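The values are calculated or read from the model by the stated rules, or taken from the named source; none is laboratory data. Source: prediction; values computed, not measured. Glycine also receives a Cβ, built like all others from the backbone with ideal geometry; neighbour counts cover every protein chain displayed. Accessible surface is based on the protein model in full, side chains and every heavy atom, while ligands, DNA and RNA are left aside. Shrake-Rupley method; radii C 1.70, N 1.55, O 1.52, S 1.80 Å.
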Amino acid sequence: MHEIGVVFYVVRDVCQVAEENQVEKVASVTLQIGEVSGIIHEYLIDCWNWARKKEPVLEEAELIIEQIDAVSFCQDCGQEYPTVQYAKSCPHCGSENTYLQRGNEFLIKEISHFQ
């Protein structure tokens with residue numbers, strides 16, 4: 001389970017941003033996670049709920065997850081298609097000369113705090 005390691009990095013970064021901006025209590029953290037990033041959302045939330053209790057600034061912080069859909073691009077026909085549904089084979093022309101355009105990201109999108 002690499003979700004715990006990911007959460008440790010998120011907690012570290014969010015605590016640093018909170019300190020730099022003199023935020024006493026974070027209300028929520030919004031993450032954007034790619035559909036094929038390998039991160040299991042339920043595990044991530046469980047790890048977050050455990051880890052946030054270790055940091056006073058995060059004790060009440062909700063974790064919000066936004067999924068970024070996986071999209072591949074075919075270099076032969078120039079079309080985009082949903083990666084999870086079709087994998088490496090382009091549904092438009094059948095080519096496997098494709099690459100993942102988006103969907104493996106892991107980003108901290110937003111940190112909100114109590115006023």
Residue within the range 55-65 that is more than 29 Å from Tyr9 (Cβ to Cβ) and either touching a strand residue (DSSP E or B) at 6+ places or on another chain (Cβ under 7 Å) or touching a residue at least 12 places away in the same chain (Cβ under 8 Å) (or both) present: no
Cβ pairs under 7 Å, 6+ apart, first in the range 1-15 and more than 11 Å from Leu31 (Cβ to Cβ) and modelled with pLDDT under 95, second surrounded by fewer than 20 Cβ atoms within 10 Å (Cβ to Cβ) and hydroxyl-bearing (Ser, Thr, Tyr): Met1/Tyr43; Glu3/Tyr43
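What is the residue count in the range 1-24 for residues that are out of contact with any Gly (no Cβ under 9 Å at 6 or more places or on another chain) and over 16 Å from Pro56 (Cβ atoms)? Break it down stepwise before answering.
Going residue by residue through the range 1-24, those that are out of contact with any Gly (no Cβ under 9 Å at 6 or more places or on another chain) are 1, 3-24.
Applying the additional criterion that residues be over 16 Å from Pro56 (Cβ atoms) yields 1, 3-10, 13, 20.
Within the range 1-24, residues that are out of contact with any Gly (no Cβ under 9 Å at 6 or more places or on another chain) and over 16 Å from Pro56 (Cβ atoms) number 11.
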Options Ala27, Ala18, Ala51: the member that is among the small types (Gly, Ala, Ser), assigned to a strand (DSSP E or B) and closer than 21 Å to Glu110 by Cα: Ala27
Residues located in the range 67-110, provided they are open to solvent by less than 60 Å² (accessible area, probe 1.4 Å), assigned to a strand (DSSP E or B) and over 22 Å from His41 (Cβ atoms): Phe73, Cys74, Tyr81, Thr98
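So which of Val57, Val23 ends up being touching a His at 6+ places or on another chain (Cβ under 6 Å) and modelled with pLDDT of 95 or more? Don't jump to the end; show me each part of the working.
Details: Val57 fails: touching a His at 6+ places or on another chain (Cβ under 6 Å).
It is Val23.
Table: residues versus (1) open to solvent by less than 10 Å² (accessible area, probe 1.4 Å); (2) of a type in the set (Ser, Thr, Tyr).
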site	(1), (2)
Ile4	no, no
Val7	yes, no
Cys15	no, no
Lys25	no, no
Val29	yes, no
Ile33	yes, no
Tyr43	no, yes
Asp46	no, no
Lys53	no, no
